[in-house]
Amino acid sequence: MNHTNSDFNPAAPPAMASQSPLPSPEDLCAVMPTPVLMFKGDLDHPIYMNAAALELLGEDRIESALAKLHNSALFGSSEEKEKLLGTLQSAGYAEFSTQPRCVTDTIIGNIYTSADQNGVPFYITFLRLEAKLKKQKQFAQDVNSVITHELRTPLTSIKGALEMLQPKVVGPLSDKATALLKIAHTNCDRMLELIQDMLDSNEQTQTKKTAEREVTALAPVLSNIATSLQGYGTYHGVEIRLKSVDDTLAVNVVPSHLIKIVTNLISNAVKASQKGQHVEFWAETAEDKIKILVKDNGSGIPAEIQDRLFDKFTRSQWLNEKSTGSSGLGLNIVKTLAETMDGSVSFVSDAGKGSTFCVTLPKAPLA
């Protein structure tokens, strides 16, 4: 049976029991516990944010929150933002994940798009902190620390046993036994160095405390480093030379960080050098800064890794008879430590002529 209604007009809006106006999007978002931002026309300047978004940004005033957000790179780089806009225009919805400068954690966002009566697009963005991802990263770091600590103890014992097998202790060994012993000793050293790099890297990632800096005279520190590394250089057949250092030079640093930085750079320089070559290091003044330079005469840094040399796990294989590789962590540690002391690190490298690394640190008056 067909039912018809002669009064039905499909073009007319349905009758409503109440003529109360619908709540605006802002009114709806204001009571939401989820941080919400609204943008109009672009993704540069939000036109609205709710109280939850203010809390996420750590602000209690709209003006300061807007300023922080404008400088935050919330949507990543400009290229990532353009790609995001393209997705929104084609699909009307997009997701993003970044670690903006306004917070310490990763932010996950869902964006929905619509348009006003004039066709101008506006974007409603829902945000959340990715706490789960942070916990997973922390767990991985903790496991990494435990593993590396547990590996170091037996490897130290193995190294001690290998040293006890040296010909001068146990008596004459055949050439083959001596060669095998040298291989085992070299690889044990490499493993211990890798473990120490991993521990240092984890320490820099996990700790949020900044060690106390102090005015430190450079000459005695660099002299002690040169003395402590002479055996390392001799083992690799490379002479380590310290140029004369002005006794009045001092830096405002964490002494242990300074030692770790210079030691890492010299260790790399030795590995990059051929037997019979030398590595030299020195310090010089540059206005209100002090530069510490480490120079080798090796084969240079391959051009294809120079742009990412200070990134974690960028590994180099030096072109010499030692065929020594790197952990890919040492230079990242150097950069991190230098930056925690308001310093920086740079390098120049020429193919076949070697490399020079330069660490710049704040100069301090020596009392």
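The values are calculated or read from the model by the stated rules, or taken from the named source; none is laboratory data. As the structure is a prediction and not an experimental result, all values here were calculated from the model. Cβ sites come from the backbone with ideal geometry, for glycine too, and all protein chains shown count toward neighbours. Note: accessible area is taken over every heavy atom of the protein model, side chains too, but ligands, DNA and RNA are not part of it. Shrake-Rupley method; radii C 1.70, N 1.55, O 1.52, S 1.80 Å.
Remark: the Met191-Tyr232 segment gains 13.2 nm on full extension, using 0.36 nm per residue and subtracting the alpha carbon distance.
Taking packing as the residue-averaged number of other Cβ atoms within 10 angstrom, the listed peptides 271-282, 296-307 run from highest to lowest as 271-282, 296-307. When each of the peptides 333-342, 36-45 is scored by how many other beta carbons lie within 10 Å of its residues on average, the order from highest to lowest is 333-342, 36-45. Inter-label distance, Asp105 to Ala217: 4.9 nm, where each label sits 7 Å from its Cα along the C-beta direction. Electrostatic tally near Lys289: other residues with Cβ closer than 11 Å to its Cβ, Lys and Arg +1, Asp and Glu -1, net -2.
On the beta carbon distance between Ser256 and Asp175, with R0 = 56 Å, the FRET formula returns roughly 0.85.
Segment Ala91..Ser114, full-extension length gain: 7.2 nm, with 0.36 nm per residue of separation and the alpha-carbon distance subtracted. Estimated from the Cβ-Cβ distance and a Förster radius of 51 angstrom, the FRET efficiency linking Ser344 and Ser157 is about 0.80. Using a Förster distance of 45 Å, how high is the FRET efficiency between Glu79 and Ile183, based on the Cβ-Cβ distance and rounded to 0.05? Efficiency computed from Cβ-Cβ geometry: 0.40. Sorting 221-228, 78-85 by their mean Cβ neighbour count within 10 Å, with the most densely packed peptide first, gives 221-228, 78-85. Of Tyr123, Tyr48, the order by accessible heavy-atom surface (1.4 Å probe, DNA, RNA and ligands excluded), from most exposed downward, is Tyr48, Tyr123.
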